[in-house]
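Each value in this text was obtained by applying a stated rule to the coordinates, not by laboratory testing. In this text, all values refer to a predicted model and were calculated from it rather than measured experimentally. Virtual Cβ from ideal backbone geometry, glycine too; neighbours counted across all protein chains shown.
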Amino acid sequence: MTTVLVLAVLLVGTIYVIMLYNGLVSVREGVRQAWANIDVLLKQRHDELPKLVETCRQYMQYEQETLQKVMQARAAVSAAHDRRDMQALGVAEQQLRGTIGQLYAVAENYPQLKADQTFQQLQSRITALESGIADRREYYNEEVRLNNVRVAQFPAVLVAHQFGFQPAQLLRIDQQDARDVDVGALFRA
């Protein structure tokens, strides 16, 4: 009878550990999937920005500094993305959004550019990608929060530590980005 009881306790304990492990795998994969969703949009935007800059370059002979800033910010996002450095990526994203805003503001001074169908399509496409990135960043951060809670909760922390499950990094935005945008400042830039 004692042997059966010990075996039953071991069986229940083993099943419980397996359930904890599978739960940790599930939340870790949720983080990976959420990141993959952001990754797709970042790559699409990365590919669209040179087209936008080239379209603008045809009209904006005197605005090379603005165009260079966009490409430098694009490179910073790409570098942070490749390193999977969420803190640097958040800062670089903030910088890129600012330079794109400046580019759109400067484009206001070029009526022919604003009327160019390619420019309008690229502007619309990049704006949609920005919106998608913001939505997916929110989803990613929620998945990270779920992962980090599960990895830190007892008794899952014991299984997490044993099998190498780690907390994930949130993709944070600068506090300036959380405030309302001063559109007038974009036109003065």
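The table below gives the values:
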quantity: Around Tyr139: net Lys/Arg minus Asp/Glu count, Cβ-Cβ under 15 Å; calculated: -1
quantity: Most positive-pole-ward Cα, Ala156, Gly132, Leu49, against dipole of the range 13-188 from beta carbon charges; calculated: Ala156
quantity: Extension gain from Asp85 to Gln58, taking 0.36 nm per residue of separation minus the Cα-Cα distance; calculated: 6.2 nm
quantity: Most mobile of Asn109, Asn37, Asn148 in a GNM of the chain (Cα contacts under 10 Å); calculated: Asn109
quantity: Mean ellipticity per residue at 222 nm, deg cm²/dmol - from DSSP H runs of n ≥ 4 across the chain, formula -39500 (n - 2.57); calculated: -28500 deg cm²/dmol
quantity: Most mobile listed residue (Thr14, Thr127, Thr99) in the chain, GNM with C-alpha springs under 10 Å; calculated: Thr14
quantity: Cβ-Cβ FRET estimate between Gln72 and Glu29, R0 fixed at 45 Å, reported to 0.05; calculated: 0.80
quantity: Net length gained if the chain between Leu170 and Leu5 were fully extended (0.36 nm per residue, minus Cα distance); calculated: 54.9 nm
quantity: Size of charge dipole - the range 1-55 - debye, nearest 20, with Cβ of Lys, Arg +1 and Asp, Glu -1, no other charges; calculated: 140
quantity: Size of electric dipole in the chain: Cβ of Lys, Arg +1 and of Asp, Glu -1, about Cα centre, debye, nearest 20; calculated: 360
quantity: Residue of Ala115, Ala168, Ala128 that the Gaussian network model of the chain assigns the largest fluctuation, springs spanning Cα pairs under 10 Å; calculated: Ala115
quantity: Cleavage-rule hits, chymotrypsin sites (Phe, Trp or Tyr not before Pro), the range 1-96, DSSP coil, Cβ neighbours within 10 Å at most 10; calculated: Tyr62
